[in-house]
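Have a look at the structure below before the remarks.
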Amino acid sequence: MAILHFNMNKNRKNIVTQTANYVQGVFEKDSSGHDWWHIYRVYNLSLKISGVEGGEKFVVELSALLHDLDDWKLNGGEDANKAENWLKKVGVENKDRARILQVIDEVSFKGAGVETRATSLEAKIVQDADRLDAIGAIGIARTFAYGGNKNRVIYDPEIKPVKHNSFDSYKRNIAPTINHFYEKLLLLKDRLNTTTARNIAQNRHEFMEKFLHQFFSEWETIF
C-alpha cells in the first residue's frame, strides 16, 4: 500500500491514510492512464506545490487523492457522489467536506474554449498538479494509454483538431489521440495557476513539442 508522510493531528492522519488505501483499491487495475500511480503522482505534486505556495494541507491531500473518483471519463457520470459519500463515511467535517468537493469539481479540463477557473488556492494547487501529470513524458504515455482504452486511432490526417467551446462537445469528442495534444495538452502550460507549477511545466511542454516534431517527421517519410 502507499506510504504517505504526514504532519497533522492523529485523526486527520488516519483519514488521509484510509482515503489513500481506499483510492488505491479503486484504481490499482485501471488501464486508461488514471491508475493509482497517477493519483499518487498528483498527490505528491500537490504537496510539492503547496509546500511553496501554501494552502490548507488537509484539503489539498484529500482533494488530490479523490479527484478522479467521480470523473466522467471513468464512470460515465454514474455514482457521481462517491467522493462525498466517502468523506462522510470517514467523518470529515461539513466545512472541510464542502471545500474538498469544490476543489474536486474545479480540477478537470472541460474544453479549450471553456473557462476552468480555480476559485481557491487549494483548487489551483490540485488543478495544477493534475495538469502537470498530463504533460511531458508521463503525459504522453497516459495519452496513448487512454486512447487505446477508448479504442481511438493514433492519428488520422483527415480529422483536424477542434477547439471545443462547451463541456458537452468536449465529452463527446472521439478524435484520434494525436489531436488531444492540440485540443488540450499543449494548452495546459499557459493555463497553470502557480509559479511553482509553471516552472515545472516548461521542460515537460518542450518535450511534448519534440515528440510531436519527431512523430510527424516519421509520418511524412512514410506517407
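Before moving on, here are some points about what is shown:
- Directionally averaged shadow of the chain, computed from the convex hull of its alpha-carbon atoms, nm²: 12.3 nm²
- Atom-type composition of the exposed protein surface of the chain places 49 percent of the accessible area on carbon and sulfur (1.4 angstrom probe).
- The trypsin sites (Lys or Arg not before Pro) of the stretch 26-90 meeting both criteria, a DSSP state outside H, G, I, E and B (loop) and at most 10 other C-beta atoms within 10 angstrom of the site's C-beta, are Lys29.
- Low-density loop cleavage sites - GluC sites (Glu not before Pro) in the stretch 132-223, where at most 15 other Cβ are within 10 Å (DSSP): Glu158
- Extension gain, Ile174 to Asn44, is 43.7 nm, computed as 0.36 nm per intervening residue step minus the present C-alpha separation.
- Kirkwood hydrodynamic radius computed over the stretch 129-223 comes to 14.1 Å, based on all pairs of distinct alpha carbons.
- Peptides 118-124, 92-98, ordered by how many other C-beta atoms sit within 10 Å of their residues on average, highest first, read 118-124, 92-98.
- Considering the stretch 7-78, its Cα convex hull presents a mean projected area of 5.2 nm².
- For chymotrypsin sites (Phe, Trp or Tyr not before Pro), no site in the stretch 114-159 is both called loop by DSSP and has at most 12 other Cβ atoms within 10 Å.
The values are calculated or read from the model by the stated rules, or taken from the named source; none is laboratory data. Just so you know, these numbers come straight off a predicted model, no measurement behind them. Every residue, glycine as well, gets a Cβ built from its backbone with ideal geometry; the counts of neighbours run over all protein chains shown. The area values use the complete protein model at the heavy-atom level, side chains included, leaving out ligands, DNA and RNA. Shrake-Rupley method; radii C 1.70, N 1.55, O 1.52, S 1.80 Å.
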